[in-house]
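The values are calculated or read from the model by the stated rules, or taken from the named source; none is laboratory data. Since the model is a prediction, treat every value here as computed from it, not as a measurement. Cβ placement follows ideal geometry from the backbone for every residue including glycine, while neighbour counts extend to all protein chains displayed. To get the accessible areas, we keep the full protein, side chains included, count just its heavy atoms, and leave off ligands, DNA and RNA. Shrake-Rupley method; radii C 1.70, N 1.55, O 1.52, S 1.80 Å.
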Amino acid sequence: MSRQAWTRAVRTAAGFVACGLVAATLAAPVAAERALEGVRFSDRLGSVPVEVSLAHNGVSTFDTGILGSLYWERTGVGGFGAVIRATGPPQAGGTLSSYVSPEFVEANSLFLSDPDETARTYGDELRALLWRRFLLLEIAAGLAGGLLLMMILSARPPVAPGLRRGARIATGLLALGLGLASSAATAAWLFDRWSGSVEPEQTYPMPGIDELSFSSPEALEIARQVRPFISKNTDRIRERVAAFEATAEAGLLATVPVRADALSPREGEVVVVAEADPQGSLVGTRVRTTLYALLQQHLSEGALVMRTISGDVTSNGTVAEAGFVAAETGASGDLPLVVVKGDHDTETTMEQLADNGVINPDADVASVGGLDVVGADDPAFKALFGGLVINDSGISETALGADLRSALDAEDRAEALVVLLHQPRSAAGYIGVESLDELDDALGRETVPWDDGVPDLPPGIINIGHLHDAEAPRVIWNTDGEAVTWTVLNQLGTAGGVEENPTFNRFSTPFSTPLKDLTVQLQYVDGASGLQTGYAQVVVSPAGDVTISDRVDLGLPLTSSPPAP
């Protein structure tokens, strides 16, 4: 390209950029207004599917649809409030009558015991989406408007060619100012006509609760009837939680230091802290935060190398659970955390985990703490009370595990792996059996090789959750080759003490005491070979009583040195 052609191209590009910036500047007021009106996302509050958007009418609104709206006289920056609109019946019960059942009101009120945290989380999400939408509109305006403006300027002679340079600049700035004023006036007109700017016509205040009102007397009457019950139940739950946490903390403080020597790994071993299904329990997270700190304080230095969660970090996979995800990921401090998706998690959950520095080894081997770890994200989503299961991936849980195994076999790996899956069916697919029941004969043969009839697996560990009940590990012996190795299948319990088959009469919430044993497994791993050599179980009962099992050996005795740092 000649220098003249190059100069012409640079001038053309610079002209286009300048025209694009002018067009984007002129469009900014309208783009901002359009972004405000259009920003929205879908989520679930308790078991109710909702759509969240913005309004500027002095209140934040929960539009139930069938029973009218609830108004909360609380807004954020610039006076903007949230509009939360129910988009369907509850995902448990599944009928419109579910809205007015006492069980539904109780269940969902308990899941929304912290409205300030929900409001903060929704505000953060709306703010991020608003900026993204505004920038996309500005880019579109800059590209389209810049091209159009450049074509107009290229096709017509310069305006007022006799004017001096200063006068031409002043004329251009005047035109830009008039254009901005016109754009701002248009944006103001659109904003004024926006339904989100219209204040509620008539409201019915809730007696005894400032800033809360309803759009219909029917909704107000229901709220007045259930309020005493909800208040009494909430106070009772808080008292039980305080007692549970005090008992559990005292038990951990009394037990872990005494058992520290017995729980510390042997020479050449490291410890993996293995969990599954914390499932949104803030109470469980607070108890385990104490446990992790005590383990790191009293076990031998550098003993803990990794913490794993085999799915179901959250209860509902919602935007509103961002605060819980942050608390859960921060509970173990600097200890690396590795997680795979469960069927109560969503892509939103996985994004929240990534934002908090969590490792997700979905079909991708990662090296963590000197060990290789891999997993597969569960393809399904199960609604809060189990009334709805969605799997639009085209892959079953069994096929998920089989596909992961095929990918690893194709790599012809000899190194041991920590494999994280959520559902037992995925583990069955990975192992190559119809059901894990086929492995029951392995119980009692944890340290003696035998022909279990299972073709050799990649050696190491398979951790699964989903059932919320811990079982004794099954050792699968790999005896087809020259060297004997083993793979330990660990069915983990629930790290949140959460009920896995909830009903409206018995269900766990983020703010209530555990309904089942809260369990964490300490997995002892030979640092050189990556083989699991033992385990111990930490259990906190629903009453808060702490039990720490003795170490149980697995596999064959190994003599090895710690891996080089």
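One table, with the values for the structure above:
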item	result
Which numbered condition Phe214 misses (of (1) out of contact with any Asp or Glu (no Cβ under 8 Å at 6 or more places or on another chain); (2) open to solvent by 40 Å² or more (accessible area, probe 1.4 Å); (3) within 23 Å of Gly81 (Cβ to Cβ))	(2)
Residue list for segment 252-263, filter: in contact (Cβ under 8 Å) with a residue 40 or more places away in the chain and either acidic (Asp, Glu) or surrounded by 12 or more Cβ atoms within 10 Å (Cβ to Cβ) (or both)	Leu252, Leu253, Thr255, Val256, Pro257, Arg259, Leu263
Tally of residues being open to solvent by 20 Å² or more (accessible area, probe 1.4 Å), assigned to a helix (DSSP H, G or I) and more than 16 Å from Gly311 (Cβ to Cβ) across segment 392-435	8
Residue tally, condition over 14 Å from Gly58 (Cβ atoms), in a loop (DSSP other than H, G, I, E, B) and touching a strand residue (DSSP E or B) at 6+ places or on another chain (Cβ under 6 Å), over segment 199-214	1
Number of positions in segment 334-377 that are assigned to a loop (DSSP other than H, G, I, E, B), open to solvent by less than 20 Å² (accessible area, probe 1.4 Å), touching a strand residue (DSSP E or B) at 6+ places or on another chain (Cβ under 7 Å) and not aliphatic (A, V, I, L, M)	3
Residue within segment 495-517 that is under 18 Å from Val271 (Cβ atoms) and touching a strand residue (DSSP E or B) at 6+ places or on another chain (Cβ under 6 Å) present	yes
Every residue from segment 287-333 that is open to solvent by 40 Å² or more (accessible area, probe 1.4 Å) and of a type outside the set (A, V, I, L, M, F, W, C)	Thr289, Gln296, Gln297, His298, Ser300, Glu301, Gly302, Gly330, Gly333
Residue match in segment 504-516 (condition: surrounded by fewer than 17 Cβ atoms within 10 Å (Cβ to Cβ) and under 20 Å from Arg240 (Cα atoms))	yes
Any hit, segment 259-267, residues being over 19 Å from Leu554 (Cβ atoms), more than 26 Å from the chain's Cα centre (by Cα), part of a helix (DSSP H, G or I) and not charged (D, E, K, R)	yes
Residue ID - nearest to Val339 (Cα to Cα), chosen from residues in segment 440-461 that are assigned to a loop (DSSP other than H, G, I, E, B) and of a type in the set (A, V, I, L, M, F, W, C)	Leu457
Ala293 touching a Phe, Trp or Tyr at 6+ places or on another chain (Cβ under 8 Å) and in contact (Cβ under 8 Å) with a residue 40 or more places away in the chain	no
Residue within segment 9-20 that is open to solvent by 20 Å² or more (accessible area, probe 1.4 Å), among the charged types (D, E, K, R) and touching a Ser or Thr at 6+ places or on another chain (Cβ under 7 Å) present	no
Criterion: farther than 30 Å from Leu153 by Cα, surrounded by 12 or more Cβ atoms within 10 Å (Cβ to Cβ) and in contact with a Lys or Arg (Cβ under 8 Å, 6 or more places away or on another chain) - qualifying residue of Glu249, Glu269, Glu245	Glu245
Cross-chain or 6+ apart pairs with Cβ under 7 Å, segment 52-75 first and in contact (Cβ under 8 Å) with a residue 12 or more places away in the chain and at negative phi, then assigned to a loop (DSSP other than H, G, I, E, B) and of a type in the set (Lys, Arg)	Ser60/Arg74
Residue within segment 521-539 that is open to solvent by 40 Å² or more (accessible area, probe 1.4 Å) and within 27 Å of Thr318 (Cα to Cα) present	no
Residue in segment 343-384 that is farthest from the chain's Cα centre (by Cα), counting only those that are under 27 Å from Tyr524 (Cα atoms) and among the polar types (S, T, N, Q)	Ser367
Residue check, Val313 under 18 Å from Val418 (Cβ atoms), of a type in the set (A, V, I, L, M) and in contact with an Asp or Glu (Cβ under 6 Å, 6 or more places away or on another chain)	yes
Output for segment 466-498, where each listed residue is open to solvent by 10 Å² or more (accessible area, probe 1.4 Å) and more than 23 Å from Val287 (Cα to Cα)	Ala472, Arg474, Thr479, Asp480, Gly481, Glu482, Ala483, Val484, Thr485
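Each row is one residue, and each column tells you yes or no for (1) part of a strand (DSSP E or B); (2) modelled with pLDDT of 75 or more; (3) within 23 Å of Glu347 (Cβ to Cβ).
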site: Ser53; (1), (2), (3): yes, yes, yes
site: Phe62; (1), (2), (3): yes, yes, no
site: Arg74; (1), (2), (3): no, yes, no
site: Arg85; (1), (2), (3): yes, yes, yes
site: Tyr99; (1), (2), (3): no, no, no
